[in-house]
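The values are calculated or read from the model by the stated rules, or taken from the named source; none is laboratory data. Here the structure is a predicted model, which means the values were calculated and not measured. Cβ coordinates were reconstructed from backbone atoms using ideal geometry, including for glycine residues, and neighbour counts include every protein chain displayed.
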Amino acid sequence: MARTGGDVLLECLKAQGVRAVFGMPGTQNIALYDAFHRSGDGLPHYLIRHEQGATMLANGFARASGEVAAAFTVPGPGASNAATGIVDASTDCVPVLLVVGGYDRAIAGRDRTKLFHGLDQEAFFRPIVRYFGRPENVQAIPGVVNAAFQAMFAGRPGPAVIELAPDVAAELAPAGLVPGSCVARVLEAPVQRQEILRAAARIREMRRPVLLVGVDCVAARAADEVRRLAERLEAPVLYGRLGKGVLSDEHPLVAGFTRSKLSNDLLRQADGLIAVGTRLTQIDTLGWSLPLPANIVQLDRDRRELGREAPITAGVSGGLRSALFELSEQLDWMGPNLDPEWSIAAGTAHTAWVTKPPIPVLSQIRQALPRDGLVSIDVTSTGYSCFDRFPVYGPRSLIYPCHSVTLGFAFPAAIGAKLAQPERPVVSLSGDGGFLMGCFELATAVEYEVGVVAVVVRDNCLTAIKGSQQQAFAGRTVDVDMQTPDFAALARSFGATGVTTERVDELPSLIEAGLLRRGPTVIEVRMPERSDELISVIPWLHGE
């Protein structure tokens, strides 16, 4: 059978190493979906139940693996529904590819508001993606796909969108058209030696340095080099939300999340900061109010980030692995004049951090989840403390919608993560409000027998907002108490396993049993009379 534009696009995705597509067929992408019939078993497709789920599952897949998964939707409302997962990928630097249907070339120049599923998708997506491409014919498809992947991995990762017109998807491909080859997954500029020398000189002036690490240390495959530098300097290591897991939380120099009181105390005592692969975002810096030292050395793959959020004394752009390696070599030779008491302070900070009291539900999940497991956490009262109170032992072990703060993220992202890493145990944690926003993907998890365990805290309340209202308005609240379903019964209606408990101490055994099942399990933890207790553990309501 003759190849079409749809066949060529799937061939291009396979050539780029894509292992999964999440999507839903519709009128304006039927030719693309017809190509799946001819693609054999080379590229699995997973039918989602809402277009938001397509990009959420792809998002979780990418966070767990570092690989791109694709999402397919129709244009217009399909694309705008999927945009939620794209916004999240943009703010958290996640490589997600969305392929949206388009409009036949003969009418593509018309006013989009007059077209079926009409939306000016380029104008809509341009502000939130690294690349938007629209192949004008079948011959242009390989170049557009290649450009999308290059953009997704140029420096920090990020999302891309390709609009494929129905007639281009159906167009016959000329013989000999090849899909291209996989682009490099770490694209970065070379490091300048003079920048390394200036950075080393500034670090040598530090007697009490602190390392602040971000997720780009993982994307750039530089976690080992971070550890070597930290140990060379005997410096405490702090992390932003996305940087959790760059080093194991068991490492004696890791002192926790930037927003904690403990981290703030360390920064006040420090006389230097080495920021590596972190963007110094509003959330991580308490609205850019962290007490940062005057001597800041910043290393980043993106030159535009150097000094962008705080004044620096030296900056190094380019590949983080090579930059950190060369910097450590220079410091070995130069011999920093470190305060001998600083490493003791780092050890004391680590001990104080790891001995903080447990958080209900969160600690029970940690007890049940094996060391190599992955947890996906939603925007929920019990989950806010995960950055400081949920130990992980390596990269890509905790995923959270860190900057878009996307309610409803955890469960669909957990499905994607499990499909990306089927050998890893995966648990999601949601509140009742968040789970309701993503529970429709239970049908997807059941259909494809995805063995995730979803823990849902049911207190019939938007708990964090209730606490925020009470604090701001002398105890007054409005529209935070809500009717919620029996989540275990809801799960069973989808064909999943559903169980209920009112005892938090039963959670570990219930989770362990769920992790042994072939399909999804929903564990409803009923806590309707404990909203005040849940509010009391929300760190940002209590000055931390």
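When the range 490-509 is filtered for residues that are without any contact (Cβ under 8 Å) to a residue 24 or more places away in the chain and closer than 22 Å to residue 359 by Cβ, the ones remaining, listed by number, are 503, 506. Given the options 303, 279, 268, name the one that is among the basic types (Lys, Arg) and out of contact with any strand residue (DSSP E or B) (no Cβ under 9 Å at 6 or more places or on another chain). Exactly one residue qualifies, and that residue is 268. Taken over the range 511-542, the criterion of being outside any loop (DSSP other than H, G, I, E, B) and farther than 23 Å from residue 491 by Cα is satisfied by 531, 532, 533, 534, 535, 536, 539, 540, 541.
Scanning the range 233-278 for residues that are of a type in the set (A, V, I, L, M, F, W, C) and under 23 Å from the mean Cα position of the chain (by Cα) returns 237, 238, 242, 246, 247, 254, 255, 257, 275, 276. The number of residues in the range 201-224 being farther than 30 Å from residue 405 by Cβ and buried (at least 22 other Cβ atoms within 10 Å of the Cβ) comes to 3. Kindly evaluate residue 15 against the criterion of being closer than 20 Å to residue 151 by Cβ, touching a Gly at 6+ places or on another chain (Cβ under 6 Å), in the same structural domain as residue 71 (by TED's automatic domain parsing) and small (Gly, Ala, Ser). Against the criterion (closer than 20 Å to residue 151 by Cβ, touching a Gly at 6+ places or on another chain (Cβ under 6 Å), in the same structural domain as residue 71 (by TED's automatic domain parsing) and small (Gly, Ala, Ser)), residue 15 qualifies. Would you say residue 496 is buried (at least 16 other Cβ atoms within 10 Å of the Cβ), within 30 Å of residue 421 (Cβ to Cβ) and within 28 Å of the chain's Cα centre (by Cα)? The answer is yes for residue 496.
Note on the range 382-397: among residues that are in contact with a strand residue (DSSP E or B) (Cβ under 7 Å, 6 or more places away or on another chain) and hydroxyl-bearing (Ser, Thr, Tyr), the one that is surrounded by the fewest Cβ atoms within 10 Å (Cβ to Cβ) is 397. Screening 347, 277, 315 for residues that are assigned by TED's automatic domain parsing to the domain that holds residue 208, of a type outside the set (S, T, N, Q) and crowded, with 22+ Cβ neighbours inside 10 Å leaves exactly one candidate, 277. Criterion applied to 247, 238 was being modelled with pLDDT of 95 or more and assigned to a loop (DSSP other than H, G, I, E, B), and the one residue passing it is 247.
For first residues located in the range 87-110 and more than 18 Å from residue 417 (Cβ to Cβ), partners that are basic (Lys, Arg) and at pLDDT 95 or above and lie 6+ apart or on another chain with Cβ distances below 6 Å do not occur. With respect to residue 455, is the statement that it is assigned to a strand (DSSP E or B), buried (at least 24 other Cβ atoms within 10 Å of the Cβ) and at pLDDT 95 or above true? Yes; evaluated as a whole, the condition is true for this residue. Within the range 261-274, the only residue that satisfies the criterion of being surrounded by fewer than 20 Cβ atoms within 10 Å (Cβ to Cβ) and in a loop (DSSP other than H, G, I, E, B) is 271.
Restricting the search to helices (runs of 4 or more DSSP H) fully inside the range 102-195 and requiring at least 1 residues that are over 30 Å from residue 279 (Cα atoms) and either of a type in the set (S, T, N, Q) or at pLDDT 95 or above (or both) gives 141-152, 166-170.
With respect to the conditions (1) surrounded by fewer than 17 Cβ atoms within 10 Å (Cβ to Cβ); (2) modelled with pLDDT under 95; (3) at negative phi; (4) not basic (Lys, Arg), residue 506 falls short on a single one, namely (2). Taken across the range 289-306, residues that are hydrophobic (A, V, I, L, M, F, W, C) and loosely packed, with under 15 Cβ neighbours inside 10 Å do occur, with at least one present. Within the range 67-111, the only residue that satisfies the criterion of being of a type in the set (Asp, Glu) and within 21 Å of residue 137 (Cβ to Cβ) is 104. May I ask you to list the residues in the range 282-297 that are in contact with a Lys or Arg (Cβ under 8 Å, 6 or more places away or on another chain) and either in a strand (DSSP E or B) or not hydrophobic (A, V, I, L, M, F, W, C) (or both)? Correct list: 284, 291, 295, 297.
Residues that are more than 26 Å from residue 264 (Cβ to Cβ) and in contact (Cβ under 8 Å) with a residue 60 or more places away in the chain occur at least once in the range 303-314.
Here is a yes/no grid of residues against (1) more than 22 Å from residue 5 (Cα to Cα); (2) surrounded by fewer than 22 Cβ atoms within 10 Å (Cβ to Cβ); (3) among the hydroxyl-bearing types (Ser, Thr, Tyr); (4) in contact with a Pro (Cβ under 7 Å, 6 or more places away or on another chain):
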residue	(1), (2), (3), (4)
131	no, yes, yes, no
136	no, yes, no, no
145	no, no, no, no
148	no, no, no, no
160	no, no, no, no
170	no, yes, no, no
174	no, yes, no, no
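Can residue 379 be described as at pLDDT 95 or above and either surrounded by 24 or more Cβ atoms within 10 Å (Cβ to Cβ) or in contact with a helix residue (DSSP H, G or I) (Cβ under 9 Å, 6 or more places away or on another chain) (or both)? No. Screening 470, 483 for residues that are part of a helix (DSSP H, G or I) and at pLDDT below 95 leaves exactly one candidate, 470.
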